[in-house]
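Input: a single structure, listed below in structure tokens.
The values are calculated or read from the model by the stated rules, or taken from the named source; none is laboratory data. Nothing here was measured: the structure is a model prediction, and the numbers come from that model. We place every Cβ from the backbone using ideal geometry, glycine too, and count neighbours over all the protein chains shown.
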Amino acid sequence: MLQFKNGDKSCEFDKNEIILHDVIKSLGLDNKKIIAAKFNGELMDLSRCVNSGGEVEAVSADSPEGLEILRHSTAHLMAQAILRLYPGSHFGVGPAIKDGFYYDVDAAGTITENDLPKIEAEMRKIAGAGEKVSREDMPKDEALKFFAEDPYKTELISEIDAPTVSVYKQGEYADLCRGPHVPDASKIHNFKLLSIAGAYWRGSEKNKMLTRIYGTAFANPDELKAYIKMLEEAKLRDHRKLGKDLDLFSLHEEGPGFPFFHPKGMAVMNTLIDFWRREHNKRGYTEIKTPQILDRELWIRSGHWDHYRENMYFTEIDEKPYAIKPMNCPGSILVYKTQLRSYRDLPMRLTELGCVHRHERSGVLHGLMRVRCFTQDDAHTYIEPTKIKEEVTAIMELDKYFYTNVFGFKYSVELSTRPEDSMGTDEQWEAAENALKDALESTNTPYTINPGDGAFYGPKIDFHLEDCIGRTWQCGTIQLDFQMPGRFGVTYIGEDGAEHTPVMIHRVVFGSVERFMGILIEHYAGAFPYWLAPVQVKIIPIADNHVDYAKKLQETFFNWGLRVEVDTRSEKLGKKIRDAQLQKVPYMLVVGDKEQAENKVGVRERSKGDLGSMTLDEFKNVLDNEFNPLKSR
RNA sequence: GCCGGUGUGGCUCAGGGGUAGAGCAGCGCACUCGUAAUGCGCAGGCCAACAGUUCAAAUCUGUUCACCGGCUCCA
């Protein structure tokens, strides 16, 4: 006798074993969208046979768990189609991921983007025929024999630490897989293959490169359509396109990875920096500036030569070796050491908007997000070891103010621990990692651990912001450093009159000012808020004889400190407005006979439209009510 | 760096072995206009670079460079 229940529903079978799908049916839970089962909390195939009773749930394709199964099964469906079209192909791994799935293929022949429709068509054929999916548990040695032709599966099987493995078969295709999967391919309707790329087997560049095919699948056709539309809209937000359209920056073959900033881009960047300076001054930071090129000896002493050389550029001055700085810390230390410091001077918070050069491999460059020269909004804080938590907490609050209050970003936090290539003792690393953990936990900050991703001199807390298509980019970081102060003999005189070594905190908020700007462009889709907009106000004379009045207004607004342009072209009003809208200017001021006579401006806001005629005082009042973190306090 | 793709006027793109095309932007002229594109005209390109095949290359081949999508790496 087997008893099953689901909430207040229950059923019994006078048998020793039963198929979960039958249980679901008699519990009255079945419908077309059900693709798997959950038995006592464990996801299983609908066809799975159980020999004890328990809690049973039906997993629908539109639940988060069901969607993952659906996508995973779609990856298998794709693999079967590829096997038909490219017999002899082998497969690596093919998991469900955040917005879909991929499968890494060692294809017999070359698969290109143009082949995706063909593969998709084959997939629909198989799904239409309702190809059955079945699971089989095999002892490992049998599985090894079964997959003898497949180097990838054999490698995976031999690493599995269990006596048996499960194999899923559908038609001519079979795959080593934990499952569960849909009962048959007819459950898969709404899918699309998206892109193709190379990917190293098991993620190591020492291994062969396989062909990775990305795709996605959804429970409903509307969701798939919405997702594809989202991808298209995201493309329109791409900071590289908007950077061109809005004349913010450009990239040139003559300087790969070295962006050129135009006047409008600089207007945004300088505004960001003004804001940044204000906020740091409020919090007890003072600013320094250190040289671009420094003696190679300094970098040997700092450990960069041993741990970071691959990413550095070198040069020679008067036959002596020098390095272009990839980080600002050694420079900061030299400034610290120009005087004998007291515990009363600590924490000493030195900021530096340092332009650093790092050699990045050609394939990773990406607009403003990944470059070879960027401006770090750096600060190095020298601090007594007992004050770490307090200081780290204060930095996290600063980060939160920036990201959430001012820019409205979602962000995630990671704690990155000791990497393989690093300096210092285990005790030092443990102390540093614990200090960061402590700060995170005492502020109830949710975080994940990113093992082995710390800097070579210490662990770090990283802040990741999302771009328009969900890629995340590291911006802020807080790094604890127990190494450099010792290496450079950095000291302070304590209350006890003795010399002590301070701890150093390296931290950035924007991270790279360039990257942060890239993310802002996508975040706002180019429509910067009033305080950041490169052109805040565009004056639009209706006819040529209003240009003089427009220019007079511009003078006034310059004196108010605004960024203002006048459209002096002999175009129609509609055209000038359209162009200003496309440039995403927050305020357009239409001026014609009426305004000129009354000394007014016709105010149009880019999203609210025509706000009517206003005196200059009234307009100023509107501007004063705009969000502006440069004016608070 | 690796795999795949792409490279044609400022921008978006068509063409494709026989002396280079469109729209937008630019310039000129006319219009002097009331809240998302006025009309007409003009000018603008060694078709990424370098080799090769050919009577002839933007077009075919090779190499290089840059860019795009990923991988690896990272702020």
Condition set hydroxyl-bearing (Ser, Thr, Tyr) and surrounded by 20 or more Cβ atoms within 10 Å (Cβ to Cβ), scope the range A:376-402, selection nearest to RNA strand B (Cβ to nearest atom): answer is A:THR381
If we scan the range A:232-244, do we find a residue that is in a helix (DSSP H, G or I), crowded, with 18+ Cβ neighbours inside 10 Å, among the aliphatic types (A, V, I, L, M) and under 23 Å from the mean Cα position of the chain (by Cα)? yes
Six or more apart or on different chains, Cβ under 6 Å: which pairs go from a residue in the range A:232-258 that's farther than 17 Å from A:VAL585 by Cα and of a type in the set (D, E, K, R) to one that's near RNA strand B (Cβ under 10 Å from one of its atoms) and assigned to a loop (DSSP other than H, G, I, E, B)? Could you list them? A:ARG240/A:GLY367
Among the listed residues A:LYS289, A:LYS325, A:LYS320, A:LYS264, identify the single one that is within 27 Å of the chain's Cα centre (by Cα), of a type in the set (D, E, K, R), modelled with pLDDT of 95 or more and farther than 25 Å from A:ILE521 by Cβ. A:LYS325
So A:ARG372, is it modelled with pLDDT of 95 or more, basic (Lys, Arg) and farther than 30 Å from A:THR491 by Cβ: yes
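This table checks each residue for (1) touching a residue at least 12 places away in the same chain (Cβ under 8 Å); (2) in a strand (DSSP E or B); (3) over 19 Å from A:ARG309 (Cα atoms).
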residue: A:MET327; (1), (2), (3): yes, no, no
residue: A:GLY331; (1), (2), (3): yes, no, no
residue: A:LEU340; (1), (2), (3): yes, no, yes
residue: A:GLU360; (1), (2), (3): yes, no, no
residue: A:LEU368; (1), (2), (3): yes, no, yes
residue: A:HIS380; (1), (2), (3): yes, yes, yes
residue: A:LYS389; (1), (2), (3): yes, no, yes
Taking the condition at pLDDT 95 or above, more than 16 Å from RNA strand B (Cβ to nearest atom) and in a helix (DSSP H, G or I), does A:LEU623 pass? yes
Can you tell me which residue among A:SER73, A:SER47 is hydroxyl-bearing (Ser, Thr, Tyr) and part of a loop (DSSP other than H, G, I, E, B)? A:SER47
Taking A:GLU565 as the residue in question, decide whether it is more than 7 Å from RNA strand B (Cβ to nearest atom) and either closer than 22 Å to A:ASP245 by Cα or surrounded by fewer than 19 Cβ atoms within 10 Å (Cβ to Cβ) (or both). yes
Set A:ILE521, A:ILE577, A:ILE539: member being within 30 Å of A:GLY476 (Cβ to Cβ) and either near RNA strand B (Cβ under 10 Å from one of its atoms) or buried (at least 24 other Cβ atoms within 10 Å of the Cβ) (or both): A:ILE521
Note on the range A:180-216: residues within 24 Å of the chain's Cα centre (by Cα) and basic (Lys, Arg) are A:LYS192, A:ARG202, A:ARG212
A careful count of residues in the range A:200-215 that are in a strand (DSSP E or B) and more than 6 Å from RNA strand B (Cβ to nearest atom) gives 4
Out of the range A:472-518, which residues are without any contact (Cβ under 8 Å) to a residue 24 or more places away in the chain and either crowded, with 19+ Cβ neighbours inside 10 Å or part of a loop (DSSP other than H, G, I, E, B) (or both)? A:ASP496, A:GLY497, A:ALA498, A:THR501
For the range A:580-610, which positions are within 6 Å of RNA strand B (Cβ to nearest atom) and not in a strand (DSSP E or B)? A:GLN581, A:LEU582, A:GLY592, A:ASP593, A:LYS594, A:GLU595
